[in-house]
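Read the figures in this text as sums done on the coordinates, not as results from a lab. Just so it is clear, the structure is predicted and the values come from calculations on it, not from any experiment. Neighbour counts are summed over all protein chains in view; Cβ atoms, including those assigned to glycine, are modelled from backbone coordinates with ideal geometry.
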Amino acid sequence: MADEKEEIKNLKEKLLFKKESTWKKTDKEKVFDMAEDYKEFLKDAKTEREAFKNVLKFAKENGYKSLEDFEELKEGDRVYFKNKEKQVLLIKIGRDLEDVRMTLSHLDAPRLDLKQKPLYEGNDLCIADTHYYGGIKKYQWTNFPLSLHGIIIDRKGDKHEIVIGEEDEDPVFIVPDLLPHLGKDQLKKKLKEAVEGEDLNILVGNIPIEEGKEEAVKLQILRHLNEKYGFEEEDLMSAEIEAVPAIEPRDLGFDRSMVAAYGQDDRGHSFVSLKAFMDSNTDKTIMAGFFDKEEIGSEGNTSIQSRFLEKTVSKILQKYGDERYHEGVYSFFDGVEALSMDVSAAVNPTFKEVHDENNSINLGQGVCFVKFTGSGGKYSANDANAEFIGKVRKRFNDEDIPFHPVELGKVDKGGGGTVAKFLSRRGSEVVDMGFPLLSMHSPYEISSKVDIYNTYRAAKAFYIGE
């Protein structure tokens, strides 16, 4: 009987795929050290433009130069190519361009964008009208301190950058909700309808420039903006001003095991992939791509669907002297293996019924390995093939990386997409991988520090593994 119990124990150890916390198996000092750098990166990257600046600054500090500065490329060259302050590709040239490893992440995050003519007055208040960006629960963005970040191009063509609400002495901005005493009808509505898109209006002022005059508060706000920044109301037509949470990343929990921060989807992976890229010593050619517009379907000329990748690769092949330049860039993409680094959903113990327990992950259990995304029937998904998943699994296992197969909820419960399918269309092998989040797309998302660290290790293992 004892022998049988021992045999069963050995079989469990050998055959079962374990799903358990990774805290006890991971160097806590390294986990907490990386979390400090991670929070600092997110603090200074509240918009896609700011994240772009952070990535580019880090690249330059590590010896990367613009592709335009090279007459020709050779092994060891460190290169970047950028586009419109929202998109950048880093390349470390290896021994050849045959076996290329790449990570992909996106720099944009859900937010509120000011409309092109945002300011209006009502009930002695000046209000800024917004249009939300990406998939959000609208009610989460009410009664929450917001800051304004962005650029304005004035009638002369000069660019003005603004950041208001991040410093202690700065004002903040708020979308006011209805008080419960008068909200009985609102409370009868479905959650999705309780706060409409047109209700996301930000309070920006209350003092009139002259008592009793029409639009007197709005005029006072415009005078303030003109005196401080030099622009007029018409200039807001050529502006990109984003309202984002005016709260810094913070440690979460008595044990400080988690990070609460805005924009972890997906700037968290921008940090992780950037660090893994810089720390990977290999003779292979490796790349790290950072893109915009993922949260709205990767449309537009700064998204992964733009021709930015083809343009960059064409220049690389030309300067490298690769004969495939004459055959077209798609033969290059055939040799690319990539990780689409993006978040997946951790199980929320309050709402765990939306998850398939066998194909889900808890905070602290490691890296999400997502074979396919999309929604019911795998529509709009990249569905990675078994051969490539086997390769990546081996690299992770060789470095003892904790990972788990994950789907974004039960079948037909919902779904989501990443940039993976857009690279796979070019002929590359791609699979989604990243750390899990709670409260995804909210103003304050939640991650586990140990998952962030292990995702960095996974990206590094992918770059250097056989």
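With K and R counted +1 and D and E -1, the other residues having a Cβ less than 14 Å from that of THR130 yield a net charge of -3. Over region 333-444, all Cα pairs binned in 10 Å intervals from 0 give whole-percent P(r) values of 14, 46, 32, 7, 0, listed from short to long.
Each Lys and Arg Cβ is given +1 and each Asp and Glu Cβ -1; about its Cα centre, region 112-245 then shows a dipole of about 740 debye.
Using the alpha-carbon atoms, what tilt in degrees (0 to 90, nearest 10) does helix 264-279 show relative to the longest principal axis of the chain? The two axes meet at around 50 degrees. Working ranking of peptides 429-436, 277-284 by packing, defined as the average number of other Cβ atoms within 10 Å per residue, highest first, is 429-436, 277-284. Checking the Cα-Cα distances for LYS86/LYS293; LYS53/LYS84; LYS19/LYS394; LYS352/LYS391; LYS28/LYS275 against a 20 Å cut-off, the pairs over it are LYS352/LYS391.
Order the peptides 151-158, 129-136 from the highest to the lowest mean number of other Cβ atoms within 10 Å of their residues.
Numbers: 151-158: 13.2, 129-136: 16.4.
So the peptides 151-158, 129-136, ranked by packing, come out 129-136, 151-158.
Candidates LEU107, THR47, GLN87 compared by Cα position along the dipole of region 31-107: farthest toward the positive end lies THR47, with charges placed on Cβ.
Against the chain, whose longest principal axis is taken from its Cα atoms, helix 28-43 shows a tilt of about 40°.
The long axis of helix 216-229 is offset from the longest Cα principal axis of the chain by roughly 60 degrees.
Restriction of the GluC sites (Glu not before Pro) in region 202-236 to DSSP coil positions whose beta-carbon has at most 16 other beta-carbons within 10 angstrom yields GLU210, GLU211, GLU214, GLU215, GLU232.
Extension gain for LYS25-LEU125 works out to 30.5 nm (0.36 nm per residue, less the C-alpha to C-alpha distance).
To the nearest 0.05, how large is the calculated FRET efficiency for ASP398 and ASN301 if R₀ is 45 Å and r is the Cβ-Cβ distance?
Computed FRET efficiency for ASP398 and ASN301 comes out at 0.70.
Quick check for you: which residues of region 148-175 have the amide N under 16 Å from the point 7 Å beyond the Cα of LYS57 toward its beta carbon? In region 148-175, the label zone of LYS57 (backbone N under 16 Å from the point 7 Å along Cα→Cβ) covers 150, 161-164, 166-167. For the pair GLU232 and LEU16, a Förster radius of 51 Å applied to the C-beta separation gives a FRET efficiency near 0.15, rounded to the nearest 0.05.
Would you work out if region 248-307 is rounded, prolate or oblate? Take a ≥ b ≥ c from the square roots of the eigenvalues of the alpha-carbon gyration tensor; rounded if a/c is under 1.5, else prolate when a/b is larger than b/c, oblate otherwise. It comes out oblate by the Cα gyration axes.
Think of the chain as a dipole: +1 on every Lys or Arg Cβ, -1 on every Asp or Glu Cβ, centred on the Cα centre; then among VAL175, ILE296, LEU219, ILE296 lies furthest on the positive end. Segment THR142..GLU196, full-extension length gain: 18.3 nm, with 0.36 nm per residue of separation and the alpha-carbon distance subtracted. Counting other Cβ atoms within 10 Å, which trypsin sites (Lys or Arg not before Pro) in region 364-437 have at most 16 and lie in a DSSP loop? Of the trypsin sites (Lys or Arg not before Pro), the ones in loops of region 364-437 whose Cβ has at most 16 other Cβ atoms within 10 Å are LYS410, LYS413, ARG425.
For the pair region 116-163 and region 35-98, the centres of their Cα atoms are 29 angstrom apart. If the segment from ALA386 to LYS84 were pulled out straight at 0.36 nm per residue, it would be longer than the present Cα-Cα gap by 105.0 nm. Antiparallel beta bridges, as assigned by DSSP with both residues in the chain, represent about 70 percent of the total such bridges.
When only the Cβ of Lys, Arg, Asp and Glu is charged (+1, +1, -1, -1), the dipole of the chain relative to its Cα centre reaches about 1160 debye.
Once every DSSP H run of n ≥ 4 in the chain is given -39500 (n - 2.57) and the sum is divided by its residues, what mean residue ellipticity at 222 nm do you get, rounded to the nearest 500 deg cm²/dmol?
Working: 12 runs with 133 residues, N = 466.
Mean residue ellipticity, 222 nm, calculated: -8500 deg cm²/dmol.
Rounded to two decimals, what is the ratio between the C-alpha radius of gyration of the chain and 2.2 N^0.38 Å?
Values: Rg = 24.2 Å, N = 466, 2.2 N^0.38 = 22.7 Å.
Compactness ratio reported: 1.06.
Put the Cα centre of region 357-381 next to the Cα centre of region 197-251 and the gap is 41 Å. Summarised in one figure, the compactness ratio Rg/Rh of region 112-245, Cα atoms and Kirkwood Rh, is 0.99. Loop-resident GluC sites (Glu not before Pro) (DSSP state other than H, G, I, E or B) in region 7-91 with no more than 12 further Cβ atoms inside 10 Å of their Cβ: GLU71, GLU72, GLU75. Farthest toward the positive end of the dipole of region 236-394, out of ILE241, GLN365, VAL392, is the Cα of VAL392, where the dipole comes from beta carbon charges about the Cα centre. A simple spin-label model places pseudo-atoms 7 Å from Cα toward Cβ; at HIS181 and GLU7 they are separated by 7.5 nm.
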